Amino acid sequence: MPIKRNENIVPLSQDHHLSLLFGWKIKQGLKASVSVSRMLAYVHYFEDVHLLPHFKEEEELLFVPNKENELVQKGLQDHAVIKNIIARLYEEHNEQEQIAQLTLLADSVETHVRFEERELFPALEKMVQPQELNVVGEALAASHPVKNVDDFADEFWVTKK
């Protein structure tokens, strides 16, 4: 059953759907033994186009005003961990280690999204005043893409039969 989300933060939940697909695509690529360089190109694209802008919106609009909250602290820590995994992935030149980092990245993104959707967002919806959520919704409407799609050209995750 889908989670009922406050309309003002629905765009962030839609981003989460793309992030779950990101992790799935990486795992499919790993299963199919796709070259690491192709998957790294996708990680770079997704980080720039989706992940970092999403983290920025969450952090500035939802997290900073509630930064003392323990769940918000975990969300911020998760963001830092994911950024760190990506940084290590770019620095690593050993293919086996890159594969391990790609697996860790896919798993970390999935775990983080599940945490935000199941724990953090429901807590914030109770904690943040309705008028503050309206301000968040207006800011997201102004900054968020109308149609948020993952349009990376190399569909390495599609298995050819």
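Quick look at the numbers
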| item | result |
| --- | --- |
| Whichever residue in segment 140-161 is surrounded by fewer than 15 Cβ atoms within 10 Å (Cβ to Cβ) and closer than 19 Å to PHE55 by Cβ and, among such residues, is nearest to the chain's Cα centre (by Cα) | VAL149 |
| Meets criteria (under 16 Å from GLU117 (Cα atoms) and touching an Asp or Glu at 6+ places or on another chain (Cβ under 8 Å)) for LEU62 | no |
| Considering residues of segment 10-23 that are among the aliphatic types (A, V, I, L, M) and within 17 Å of ASP78 (Cβ to Cβ) only, the residue farthest from the chain's Cα centre (by Cα) | LEU12 |
| Pair list, Cβ under 6 Å, 6 or more apart: segment 110-131 residue farther than 14 Å from ASN8 by Cα, other residue of a type in the set (Ser, Thr, Tyr) | VAL113/SER19 |
| Residues located in segment 86-123, provided they are basic (Lys, Arg) and farther than 23 Å from SER35 by Cβ | ARG114, ARG118 |
| Criterion: of a type in the set (S, T, N, Q) and outside any helix (DSSP H, G or I) - qualifying residue of SER13, SER33, SER37 | SER33 |
| Subset of segment 102-114 [touching a Leu at 6+ places or on another chain (Cβ under 9 Å) and buried (at least 16 other Cβ atoms within 10 Å of the Cβ)] | LEU102, LEU105, ALA106, VAL109, GLU110, VAL113 |
| Single residue of segment 69-101 satisfying the filter (within 15 Å of PHE121 (Cα to Cα) and over 16 Å from the mean Cα position of the chain (by Cα)) that is surrounded by the fewest Cβ atoms within 10 Å (Cβ to Cβ) | GLU70 |
| Criterion: more than 29 Å from VAL136 (Cβ to Cβ) and either at pLDDT 95 or above or of a type in the set (A, V, I, L, M, F, W, C) (or both) - qualifying residue of LYS31, LYS83, LYS74 | LYS31 |
| Within segment 57-94, tally of residues that are closer than 25 Å to ALA153 by Cα and part of a helix (DSSP H, G or I) | 9 |
| Residue match in segment 115-133 (condition: surrounded by 14 or more Cβ atoms within 10 Å (Cβ to Cβ), within 14 Å of the chain's Cα centre (by Cα), at pLDDT below 95 and assigned to a loop (DSSP other than H, G, I, E, B)) | no |
| Residues (under 14 Å from the mean Cα position of the chain (by Cα) and of a type in the set (Val, Ile, Thr)) located in segment 102-114 | VAL109, THR111, VAL113 |
| Residues satisfying the stated conditions in segment 34-47, i.e. within 21 Å of GLN77 (Cα to Cα) and either at pLDDT below 95 or aliphatic (A, V, I, L, M) (or both) | VAL43 |
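The values are calculated or read from the model by the stated rules, or taken from the named source; none is laboratory data. It should be emphasised that the depicted structure is a prediction, and the values quoted were computed from it without experimental measurement. All Cβ positions, glycine included, derive from the backbone under ideal geometry; neighbour counts span all protein chains shown.
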